[in-house]
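Novice: Have a look at this one before I ask anything.
The values are calculated or read from the model by the stated rules, or taken from the named source; none is laboratory data. Treat the numbers as computed from the prediction; the structure is a model and nothing was measured. All Cβ positions, glycine included, derive from the backbone under ideal geometry; neighbour counts span all protein chains shown.
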Amino acid sequence: MTAAGAAVAVLLALLPLAVHNAYFINGMILVFIYGTAAEAWNLLGGYAGQLSFGHAVFFGLGAYTSTMLLARAGISPWLGIWAAAGLAAAVSLVVGLPTFRLRRHYFALATLALAELVRVLFLNWNLVGAAVGLYLPVRLMNQSWAMIWNTKTPYYYIALVLFGAACGAGAWVGRVRLGLYLRAIDEDEDAAAALGIPALRYKLLMMGASAALTALAGSVFAQYVLYIDPSTVLDPLRSVLFAIMALFGGRGTVAGPAIGAGFLILLSQYLGGALGGFGRGYDYVVYGLLIMWIAAYERRGLLGLVRRLRPRPTAAPGPEVRPATHGADTRGPRPAPALLLEVAGLAKRFGGLRALDGVDLEVRRGEIVGILGPNGAGKSTLFDCITGYLPASGGRIVLHRAGGPRLLAGRPPHWIAQQGLARTFQLIRVFPGLTVLEHLLIGQEHRGESIAAALRPSPPAVRDRAEGLLRFVGLEAHRNAPAAALSYGQQKLLAFAMALVRHPPLMLLDEPVAGVNLTVVERLKDYILAQNDAGTTFLVIEHNMDALMALADRLYFMANGRVVVEGPPEAIQQSDEALNLYYGR
Amino acid sequence: MNLLLTAVVQGLIMGLVYALVSLGLGLIWGVVDVVNFAHAEYMMWAMYATYFAVAGFHLDLLAALPIVVALGFLAGVCTYAVLIRRIMSAPAVTQIFTTFGLLFFLRYSAFAAFGPDFRGITWPPAGGSVLILGVPIGAAQVDAALAALITFGLLHAFLQWTKTGKALQATAQNPAAALALGIEVERMYMLAWGLSIATAAVGGAFLLTFYQVSPTVGDAFLLLMFASVVLGGFGSVLGPLLGGVVIGLVESVAGNLVSPTFKLALVFGALLLVLFLRPGGLLGQERRG
Amino acid sequence: MAADGRGGDQAVSARAAEAAPDGALLVVRDLHAGYGGQEVLRGITLCVRPGEVVCVIGPNGAGKSTLLKTIFGFLRATRGAITFDGVSLLGRRPPEILRSGITYVPQGISTLPNLSVDDNLRLAAYVRRDRQVRDDIERLLDAFPALRARRRLRARTLSGGERRILEVARVLLLDPRLVLLDEPTIGLSGAAVEFIYEKIGEFRRRGLAVLLVEQNARTALRHSQRAYVLEQGRVRFEGGGEEILQHPEVRRAYLGGRA
């Protein structure tokens, strides 16, 4: 917790002793309750990037569960709220599983529909009071075990503690590995999978946590207002409000949702008072305008506006790339060592089109193997099939590891990555909002990483490795710059380094030197050779013939979905067959 | 059997109304690739505009209609020019965020301007009921369904038989190719927004003859609109039409034969099913070159 | 046109400087362009004259498609000059460039899939305001009987070859002075390829200038007067005729190797 945070906490704790304005205290209680819900929403929507517009479901479930347990079974809410949280978490996991694979708009729509579905159900369910709603047993007034009082102060502190816990959860996630992984998943789930990050597992975790916290907020809300019905706690606009508060303040941060909730609720209170009558809705009119303005002008919300005044450190000036330290060398023939990757009869059909028509290739340990060929030959499709981004239509893909051969066909990308296969993409994929150092931290080994481990910061060994790789590629001066601030060449270097963090035995590079200037080309060649000396095996697609010829031990020339010629670079260069394939008929 | 026939006829009629109010949503989604969560609020404002024209200025509904439609068109164009244009290349989060902000703004401006009360109008041609296939249906609903058919017909004619209409289709199918043919894609987007809100205005105007307006009327319709568009597919005129009719049928059959209280639940269940199984909709087109 | 591939750049730009003034319709000088931070075109200089078919060949990643996109305004040039009939095209948007008399047939699908062949043709004449469009379309369909048979069908029901033919035919409705074609024969079989090049020959006879990008270098060279060989964003060689494929400089552009 920062010094500012601690100061704010103390201030808030002492507030009721100084201020006795009931209207204001009421406002603060609402800020804490809504703030909790906004922070909870942020765990899923801000960190994991799943924009739910149905979170009122969990709010309502929380309110109804604890209230029913108290009113019908006489169970103390101090226990009841945990039951509510557990129920909400369970429901969220059931809901999350099928909906997570929907794209953004559809996911938002699905959550809206689900929330409405639940609301209609509750509206007509007599057990929970249907449209009439539920009253909390006011006869238990001022009995602490029932969490019902006729003064605001106890509610204030309960809500404050809950809010503190929610902020704490957000801060914790932000500080540990999980926070990084989630932000990567949010920015580019496919690229995160290529590093071995199991996205579904973490998204479900956030879903459950988010639902549980929101339910707690709902329970406390019920205890405070003493009456609930579907239109107050299951209202779809409430769902939207939670999301809006987080987005408005700045999603993906801890302070953002808190600020958003505080700002919007206090604004509502002030406008309500100044413009006369809450029912007129002027406050929401202003909300609406502010939201549209922020969305169009500063997508990172209020926090983003604040940050503009206080610019973060960006890429340091200086020579972009350091002079090469590795001299050019000749590639001599090598003895045939163990087989690492074996592809046999690989086929991929898109409708009637045969993108891959029976590809056979092998890669041995310590080699640099190149793939070249005209457009449409199927080179990137080959990579996508090997790494699990496209399901193959036929054939075998086997990775030979110490523990035995692993069949890769049909497995998801993150699993394949965890077996020791790293890749870069033809269209460069880095995470624009993450810093250079953070890129390398998320590149760490994910195989066997438990959730408990993800909830801790990265170990020193990983940090050392990250620093070492930064020096290796010459980016250590930019460690705190967001990737978006780097030049294209630097981003290529970053993608390369990121894939190396976990010592992958096999690296698949898709056009690693495309689109960069000659200096960076030379540097990347040197790095690839240096890594190869250190034991990494490479399979490289390239069009830059000079680079490819200098790097590769062996080449496969592909055309029309199959391997047409193979052999050492000199042979390919003399090959009229290869040349004619380029030249056409 | 009689119950089923009643359900089907009622469903068809209401379905046409749903189709009409959803048309604009599908149009923008298909042409401009923006999902307008505030679409129902525009319909609500059109209903208020109609109310004041009829109850305030004592115009006949059909005389007020062109004014309301023109205002709707203007509102659509302005929304694009002032707001949407700036978020065209923004990520989905921002688009969703922005249109929700628009929703808030429109809804609560209505609250501020008109208060929470319900208002309705009476229109003589909408009184009484008509017999369709032996089933009595309120004349107001039938008028609205007719207006829907006419609107769909006009829009279809515009898209199929005018140069600008074809250019609009081209923009929806392949904006880069359209640009290469000399079509001003920005102007097409403005046109799409104008048409979208204009059709919502027609829907709102006729809806007012049998459904009262209040600032929260959008709640009841937003998900039904989305259900129609998602089910039927966007990017064509036929998509929302089919989707709207199907949703109307599902709602009516569910309401009459299964349970009136849970009919909406069944509609949303259908929406979820479609989202999981075939998000492109029944008539969904392949988008974009 | 000396096929002397001696030291690439200087020789080429010297030739281009001579070539530019004499009746060249399109002149590109030291053009640089790219996507995001990535530079793809690194100083291209070339020209095209009326009645000429000029092809641009070279290996992948050379920037061939990017070149056409930049000329037509889909991409902004970062440096260099593009002039058409003496007037600069820099900073202009595609509809404006279209109106100045340049037509662009991009790579991949550029027909509108859910509109009929007829509608596609009418839209091809979008910028025309005269009343003869209908007659011109009828005459066009006479020249392309395969299209006439399918005129009411949606473009996406056409085969790949037929679609390409439609795309090339559309050019004739606008009577442009320069046509940019990006891989017009990709994925087509022998007969369709010949048909397309026959039409390109017709463009030439009408006095149009044609700049075409081709993956299939041999075929392109057979049907063009001049060729530029691009590699890594630069012009590596300029020459004509199928023989240039045997030139070591051209071989080197495609497969690397010692200079």
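Novice: If only one of A:Trp172, A:Trp145, A:Trp149 is more than 14 Å from every other protein chain (Cβ to nearest Cβ), without any contact (Cβ under 8 Å) to a residue 40 or more places away in the chain, hydrophobic (A, V, I, L, M, F, W, C) and farther than 30 Å from B:Val230 by Cα, which one is it?
Specialist: Being more than 14 Å from every other protein chain (Cβ to nearest Cβ), without any contact (Cβ under 8 Å) to a residue 40 or more places away in the chain, hydrophobic (A, V, I, L, M, F, W, C) and farther than 30 Å from B:Val230 by Cα holds for just one of A:Trp172, A:Trp145, A:Trp149, which is A:Trp149.
Novice: Sort out which residues of the range C:204-226 are in contact with a helix residue (DSSP H, G or I) (Cβ under 9 Å, 6 or more places away or on another chain) and either away from chain A (no Cβ under 12 Å) or polar (S, T, N, Q) (or both), and write them in order of number.
Specialist: Selection gives C:Leu208, C:Ala209, C:Val210, C:Leu211, C:Leu212, C:Gln215, C:Asn216, C:Thr219, C:His223, C:Ser224, C:Gln225.
Novice: Ok, one more. Determine which member of the set B:Phe152, B:Phe97 is among the aromatic types (Phe, Trp, Tyr) and either within 14 Å of chain A (Cβ to nearest Cβ) or outside any helix (DSSP H, G or I) (or both).
Specialist: Answer to the check: B:Phe97.
Novice: So A:Val521 clears everything in (1) within 14 Å of chain C (Cβ to nearest Cβ); (2) over 23 Å from A:Asp384 (Cα atoms); (3) in contact (Cβ under 8 Å) with a residue 60 or more places away in the chain except one condition, right? Which one?
Specialist: (3)
Novice: Taking A:Leu290, is it surrounded by fewer than 19 Cβ atoms within 10 Å (Cβ to Cβ) and either modelled with pLDDT of 70 or more or touching a helix residue (DSSP H, G or I) at 6+ places or on another chain (Cβ under 8 Å) (or both)?
Specialist: Answer is no for this residue.
Novice: Tally the residues that are in a helix (DSSP H, G or I) and charged (D, E, K, R), restricting the search to the range B:1-52.
Specialist: Total meeting the criteria: 1.
Novice: Also, quick follow-up: Among the residues of the range C:24-65, which ones are hydroxyl-bearing (Ser, Thr, Tyr) and without any contact (Cβ under 8 Å) to a residue 60 or more places away in the chain?
Specialist: C:Tyr35
Novice: May I pose another question? Does the range B:195-203 include one or more residues that are part of a helix (DSSP H, G or I) and either on the phi > 0 side of the Ramachandran plot or within 14 Å of another protein chain (Cβ to nearest Cβ) (or both)?
Specialist: No, there is no match, as no residue in the range B:195-203 is part of a helix (DSSP H, G or I) and either on the phi > 0 side of the Ramachandran plot or within 14 Å of another protein chain (Cβ to nearest Cβ) (or both).
Novice: While we're looking at this one, here's another question. Suppose we filter A:Tyr135, A:Tyr202, A:Tyr181, A:Tyr155 for residues that are modelled with pLDDT of 90 or more, among the hydroxyl-bearing types (Ser, Thr, Tyr), out of contact with any Cys (no Cβ under 9 Å at 6 or more places or on another chain) and surrounded by fewer than 17 Cβ atoms within 10 Å (Cβ to Cβ); which single one remains?
Specialist: Among A:Tyr135, A:Tyr202, A:Tyr181, A:Tyr155, only A:Tyr135 is modelled with pLDDT of 90 or more, among the hydroxyl-bearing types (Ser, Thr, Tyr), out of contact with any Cys (no Cβ under 9 Å at 6 or more places or on another chain) and surrounded by fewer than 17 Cβ atoms within 10 Å (Cβ to Cβ).
Novice: Would you please name the residue that is farthest from the other protein chains (Cβ to nearest Cβ), looking only at residues in the range B:242-273 that are among the β-branched types (Val, Ile, Thr) and surrounded by fewer than 20 Cβ atoms within 10 Å (Cβ to Cβ)?
Specialist: Once the filter is applied, the top-ranked residue is B:Val253.
Novice: Please verify whether the range C:195-209 includes one or more residues that are assigned to a strand (DSSP E or B) and more than 22 Å from C:Ser116 (Cβ to Cβ).
Specialist: yes
Novice: Being surrounded by 15 or more Cβ atoms within 10 Å (Cβ to Cβ), more than 25 Å from C:Gly201 (Cβ to Cβ) and without any contact (Cβ under 8 Å) to a residue 24 or more places away in the chain is the filter here; which residues of the range C:120-173 pass it?
Specialist: C:Arg122, C:Leu123, C:Tyr126
Novice: Since C:Gly187 meets every condition but one in (1) in contact (Cβ under 8 Å) with a residue 40 or more places away in the chain; (2) in contact with a Gly (Cβ under 7 Å, 6 or more places away or on another chain); (3) surrounded by fewer than 16 Cβ atoms within 10 Å (Cβ to Cβ), which condition does it not meet?
Specialist: Evaluating C:Gly187 over (1) in contact (Cβ under 8 Å) with a residue 40 or more places away in the chain; (2) in contact with a Gly (Cβ under 7 Å, 6 or more places away or on another chain); (3) surrounded by fewer than 16 Cβ atoms within 10 Å (Cβ to Cβ) leaves (1) as the failure.
Novice: Identify, from the list C:Ala192, C:Ala209, C:Ala155, the residue that is closer than 26 Å to B:Lys163 by Cβ and of a type in the set (Gly, Ala, Ser).
Specialist: Of C:Ala192, C:Ala209, C:Ala155, the one residue that is closer than 26 Å to B:Lys163 by Cβ and of a type in the set (Gly, Ala, Ser) is C:Ala155.
Novice: Find the residue count for the range B:77-94, including only residues that are in a helix (DSSP H, G or I) and facing chain A (nearest Cβ under 7 Å).
Specialist: 5
Novice: When the range A:411-428 is examined, which residues are found to be modelled with pLDDT under 90 and more than 18 Å from A:Ile528 (Cβ to Cβ)?
Specialist: Passing the criteria: only A:Leu427.
Novice: Answer yes if at least one residue in the range B:16-31 is touching a helix residue (DSSP H, G or I) at 6+ places or on another chain (Cβ under 6 Å) and over 18 Å from B:Phe152 (Cα atoms), and no otherwise.
Specialist: no
Novice: Can you tell which of C:Ile196, C:Ile165 is of a type in the set (Val, Ile, Thr) and closer than 19 Å to C:Leu112 by Cα?
Specialist: Testing whether each residue is of a type in the set (Val, Ile, Thr) and closer than 19 Å to C:Leu112 by Cα leaves just C:Ile165.
Rundown of residues vs (1) at pLDDT 90 or above; (2) assigned to a helix (DSSP H, G or I), yes/no style:
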residue: A:Gly515; (1), (2): no, no
residue: A:Thr519; (1), (2): no, yes
residue: A:Tyr527; (1), (2): yes, yes
residue: A:Leu555; (1), (2): yes, no
residue: A:Tyr582; (1), (2): no, yes
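Novice: Here is a further query. Across the range A:313-335, which residue is farthest from A:Leu434 (Cα to Cα) among those that are at pLDDT 50 or above and surrounded by 11 or more Cβ atoms within 10 Å (Cβ to Cβ)?
Specialist: A:Arg334
Novice: Return the residues of the range A:450-476 that are in contact (Cβ under 8 Å) with a residue 60 or more places away in the chain and crowded, with 16+ Cβ neighbours inside 10 Å; say none if nothing qualifies.
Specialist: Answer for the range A:450-476, where residues must be in contact (Cβ under 8 Å) with a residue 60 or more places away in the chain and crowded, with 16+ Cβ neighbours inside 10 Å: A:Ala454, A:Ser458, A:Gly474.
Novice: Are any of the residues in the range B:124-146 surrounded by 15 or more Cβ atoms within 10 Å (Cβ to Cβ) and closer than 30 Å to A:Leu264 by Cβ?
Specialist: The answer is no, given that none of the residues of the range B:124-146 is surrounded by 15 or more Cβ atoms within 10 Å (Cβ to Cβ) and closer than 30 Å to A:Leu264 by Cβ.
Novice: Looking only at the range A:538-573, count how many residues are within 13 Å of another protein chain (Cβ to nearest Cβ), under 13 Å from A:Asp510 (Cβ atoms) and either surrounded by fewer than 20 Cβ atoms within 10 Å (Cβ to Cβ) or in contact (Cβ under 8 Å) with a residue 40 or more places away in the chain (or both).
Specialist: The number of residues fulfilling the criteria is 4.
Novice: Also: Could you please find all residues in the range C:76-119 being crowded, with 17+ Cβ neighbours inside 10 Å, touching a residue at least 40 places away in the same chain (Cβ under 8 Å) and over 19 Å from the mean Cα position of the chain (by Cα)?
Specialist: Answer for the range C:76-119, where residues must be crowded, with 17+ Cβ neighbours inside 10 Å, touching a residue at least 40 places away in the same chain (Cβ under 8 Å) and over 19 Å from the mean Cα position of the chain (by Cα): C:Gly80, C:Leu112, C:Pro113, C:Asn114, C:Leu115, C:Val117.
Novice: Given the range C:98-183, what helices (runs of 4 or more DSSP H) lie entirely inside it while holding 1 or more residues that are within 13 Å of another protein chain (Cβ to nearest Cβ) and under 27 Å from C:Gly86 (Cα atoms)?
Specialist: C:117-124, C:160-171
Novice: Looking at the range A:87-106 only, could you name the residues that are more than 9 Å from every other protein chain (Cβ to nearest Cβ), in a helix (DSSP H, G or I) and of a type outside the set (Ser, Thr, Tyr)?
Specialist: Correct list: A:Leu87, A:Ala88, A:Ala89, A:Ala90, A:Val91, A:Leu93, A:Val94, A:Val95, A:Gly96, A:Leu97.
Novice: If the requirement is being over 17 Å from the mean Cα position of the chain (by Cα), farther than 29 Å from C:Gly34 by Cβ and not acidic (Asp, Glu), which of these qualifies: C:Gly241, C:Gly207?
Specialist: C:Gly241
Novice: How many residues are more than 14 Å from chain A (Cβ to nearest Cβ) and crowded, with 24+ Cβ neighbours inside 10 Å if we restrict to the range B:18-63?
Specialist: 12
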